[in-house]
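Coordinate-derived values only; no laboratory data. In this text the structure is predicted, and so the values were computed from the model without any measurement. Here the Cβ positions follow ideal geometry from the backbone for every residue, glycine too, while neighbour counts run over all protein chains shown.
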Amino acid sequence: MALGSTPVREYAEPPTVWFSRARVRIALVVVAVVAFYVVSWHLAKVDLERLATGLPKMASWARKAWPPATDELPVLLLRAAETVAMAAIGTTAAALLALPVCVLAARNVTPSMTLYYPTRWFLNALRGIDSFVFALLFVAAVGLGPFAGVLGIALHTWGSTAKLWAEAIENVPPGALEAAAATGASRVKVLAFALVPDVAPAMVSVALFWWEFNVRASTVLGVVGAGGIGQELKNSMDLLLFPRLLTIILIILVMVTVIDYGSEWLRRRLE
Amino acid sequence: MPLVRVDAVTKTYPTGVRALARVSFSVEPGEFVVLLGPSGAGKTTLFRCLTGLTRPDSGAVEIHGRDICRLGGRDLRTTRREVAMIFQQFNLIRRLTATQNVLAGRLPLLPTWRVLARSFARDDRQLALRCLDTVGLLDKAYTRADQLSGGQQQRVAIARALAQEATVVLADEPVASLDPESAATVLDTLRSVAARGVAVIASLHQVGLATDYADRIIALRDGRLLEDAPRGAFDPQALEQIYERSDARVAEPAGG
């Protein structure tokens with residue numbers, strides 16, 4: 001055996017400290033986390049009893065919902081198309097707006113650091129406010145209908161897309177950019193030739209992700225009156241029209257699944 | 001008039017490290033000069049001064065008689081066109097083909113719309129292929145850069161320097177990341193570039209390669225120029241000693 005030649009002896013080991021600084025710190029963290037969850041549970045008014053009594057009610061609805069209503073199918077499909085259109089136009093507008101801004105928000109290519117910080121704060125503000133909230137504001141400004149939804153999606157997605165794009169730009173290996181600049185080329189040419197090929201796939205992937213995400217997000221916008229199938233969803237719920245509700249849910253599922261597959265296919269083709 | 005003239009260049013970094021101390025030398029067209037020295041000797045700082053990326057505290061760096069330290073904006077870019085840079089990490093645009101990377105050398109001369117569309121005129125494309133042929137990589141013309149070996153990538157970088165039609169080529173540790181065989185090919189290629197009348201300055205830390213390939217060796221240590229001697233007049237053993245002695249100093253263990 002390989003250890004054979006090493007003499008057997010008693011090795012000195014550092015003493016075990018049960019209340020070492022690290023252990024005390026971990027214990028405190030665990031206590032804090034548990035306390036946080038206990039408080040949150042109470043604030044969220046989690047009531048498992050109410051869930052138990054509520055579930056049979058939902059089961060009875062499910063029975064009343066079958067078969068799904070087909071009489072208003074054309075209108076519902078139109079609303080679904082509105083939803084997809086809102087997401088498409090909103091996301092595209094956001095991407096076009098994000099193009100110039102993402103360069104400003106990327107540390108390695110921004111023309112000036114005094115522009116970098118305000119741009120980042122602005123984008124964080126847009127990201128922080130959900131499409132839903134923006135849409136709510138725009139309904140008051142431009143009236144009910146899908147256009148408010150488009151604007152809501154565009155603003156929130158503008159912030160999110162620009163930030164992710166800026167991060168993709170910051171992850172480009174600096175050497176290629178430096179080499180292109182060393183030839184004496186202007187900034188625009190360096191970015192167009194050395195930066196774009198490296199970040200383009202990541203940027204397209206981000207844009208597709210947001211498009212998919214926004215189709216799902218815009219199904220909900222109708223609840224605040226911003227158009228699309230969400231409005232029909234809310235109406236059916238309020239009037240307890242269960243077959244109609246089932247139809248709408250099925251339409252949403254199909255729509256989202258098709259978009260997801262389409263996006264995946266596009267992504268693979270662009271590889 | 002020499003192509004490159006470095007005159008008493010001194011540079012101390014804000015951290016207090018003195019990177020260069022009154023370094024002076026000049027390079028004529030067609031010379032293959034090797035800057036020899038261990039890491040920290042000031043080689044990279046010197047190169048950065050030669051391309052205008054770093055400004056020395058004092059002294060002048062003249063390319064074709066123009067002091068690059070005093071230039072900015074458009075003038076700086078124009079002078080940079082005369083100097084082609086080859087990096088230890090190759091620095092190619094990984095998703096583009098060898099040909100497109102070679103064309104990057106001509107970026108300042110290409111119309112912006114062609115750069116954006118990545119669609120180039122026949123003359124430019126033919127020039128790029130000719131440059132690749134010169135470095136022996138014509139068969140890899142349409143291969144993506146990240147699918148080439150290290151030695152091949154470095155030769156594409158040299159082809160890029162040729163496409164730039166620069167009169168000065170700076171190579172910062174061009175073979176440090178390569179195996180001995182690829183290193184030999186790359187250094188041979190650089191020698192042939194110098195033979196065409198280009199001033200080539202390469203930094204190396206391997207004494208053997210320097211004595212094999214250089215027309216002239218400039219030895220640097222701790223920012224000071226120790227020796228500037230042409231082939232036939234430098235003593236490989238003396239250089240070996242300079243290098244080893246500084247190495248030994250660095251390697252002194254804490255316990256003594």
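Rank by packing, highest mean first: peptides A:31-39, B:67-75, with packing defined as the count of other Cβ atoms within 10 Å averaged across residues.
B:67-75, A:31-39
In whole angstrom, and with the biggest value first, how far do the Cα coordinates of chain A range along each principal axis?
87, 66, 43
Could you work out the pair-distance distribution P(r) of chain B from its alpha-carbon pairs, with 10 angstrom bin width and percents rounded to whole numbers?
Bins of 10 Å from zero give 7, 29, 34, 21, 7, 1, 0 percent of pairs.
Tell me, what ³J(HN,Hα) does each residue in the stretch B:152-167 have, in order and in whole Hz, if you take phi through Karplus 6.51 cos²θ - 1.76 cosθ + 1.60 with θ = phi - 60° and put x for Gly and Pro?
Karplus values, whole Hz, x for Gly and Pro: 5, 4, 5, 6, 5, 4, 5, 4, 4, 5, 5, 5, 5, 6, 7, 9.
Note the direction-averaged projected area, equal to a quarter of the hull surface, for the Cα convex hull of the stretch A:100-181, in nm². Working shown, then result.
Working: hull surface 24.3 nm².
Mean orientational projected area (the stretch A:100-181, Cα hull): 6.1 nm².
Rounded to whole Å, give me the distance from the Cα center of the stretch B:43-86 to that of the stretch B:129-195.
Cα centroid of the stretch B:43-86 versus Cα centroid of the stretch B:129-195: 23 Å apart.
Considering only DSSP beta bridges where both residues belong to the protein assembly as shown, give the percentage that are antiparallel (nearest 5). Display every interim value, and only then the final one.
Numbers: 20 of 38 bridges.
Taking every DSSP beta bridge within the protein assembly as shown, about 55 percent pair in antiparallel fashion.
Can you give me the C-alpha center-to-center distance between the stretch A:94-145 and the stretch A:33-48, rounded to a whole angstrom?
A separation of 35 Å, based on Cα centres.
Quick one: which of A:2-10, A:14-22 comes out on top by average Cβ neighbours within 10 Å, and what's the full order, highest first?
On the way: A:2-10: 5.4, A:14-22: 7.3.
In decreasing order of mean packing, A:2-10, A:14-22 become A:14-22, A:2-10.
With θ taken as phi - 60° and the coefficients 6.51, -1.76 and 1.60, list the Karplus ³J(HN,Hα) couplings across the stretch A:71-88 in order, rounded to whole Hz; mark glycine and proline as x.
5, 9, 3, x, 5, 5, 5, 4, 5, 4, 4, 4, 4, 5, 5, 4, 4, 5
Non-local amide H neighbours of A:Gly145 (under 5 Å, H modeled in plane, Pro and chain starts lacking H): which ones?
Those qualifying (amide H under 5 Å, at least 5 residues apart or on another chain) are A:Ala226, A:Gly227.
To one decimal place, what orientation-averaged projected area in nm² is obtained for the convex hull of the Cα set of the stretch A:61-114? Walk me through the intermediate numbers first.
Numbers: hull surface 28.1 nm².
Averaged projected area of the stretch A:61-114's Cα convex hull equals 7.0 nm².
Ignoring everything except DSSP H segments at least 4 long, calculate the 222 nm mean residue ellipticity for the protein assembly as shown; use -39,500 (n - 2.57) per segment, divide by total residues, nearest 500. Before the final figure, lay out the partial values.
On the way: 20 runs with 296 residues, N = 527.
The helix-only estimate for the protein assembly as shown comes to -18500 deg cm²/dmol at 222 nm.
Could you work out, for the protein assembly as shown, what percent of all Cα-Cα pairs fall into each 10 Å distance bin, beginning at 0 Å and stopping at the bin that holds the largest distance?
3, 13, 18, 17, 14, 13, 12, 7, 3, 0, 0
How crowded by other chains is A:171-180, given as the mean number of beta carbons from other chains within 10 Å of each beta carbon? All intermediate terms of the calculation are to be shown ahead of the outcome.
Details: counts 0, 2, 4, 1, 7, 12, 2, 6, 14, 8.
Mean partner-chain Cβ count within 10 Å for A:171-180: 6.
Could you order the peptides A:220-233, B:216-229 from most to least packed, using the average number of other C-beta atoms within 10 Å per residue? Don't jump to the answer; show the numbers that get you there.
Numbers: A:220-233: 23.9, B:216-229: 19.4.
Top to bottom by mean Cβ count within 10 Å: A:220-233, B:216-229.
Return the average number of partner chain Cβ atoms within 10 angstrom of each residue Cβ along peptide B:72-82. Display every interim value, and only then the final one.
Working: counts 0, 0, 2, 0, 1, 6, 1, 1, 5, 4, 1.
That average works out to 2.
Can you give me the relative contact order of the stretch A:73-269 as a percent, contacts being Cα pairs under 8 Å and 6 or more apart?
So the answer I get is 28 percent.
Ordered by residue, what ³J(HN,Hα) values in Hz, to whole numbers, does the stretch A:38-44 give under the Karplus form 6.51 cos²θ - 1.76 cosθ + 1.60, where θ = phi - 60° and Gly and Pro are x?
4, 4, 4, 4, 6, 5, 7
Amide H neighbours of B:Thr143 under 5 Å, counting only residues 5+ apart in sequence or on other chains, H built in-plane at 1.01 Å?
B:Ala98, B:Thr99
Which whole number gives the average, over all residues in B:102-108, of C-beta atoms from other chains lying within 10 Å of the residue C-beta? Mind dumping the intermediate values first?
Working: counts 0, 1, 9, 5, 2, 11, 6.
That average works out to 5.
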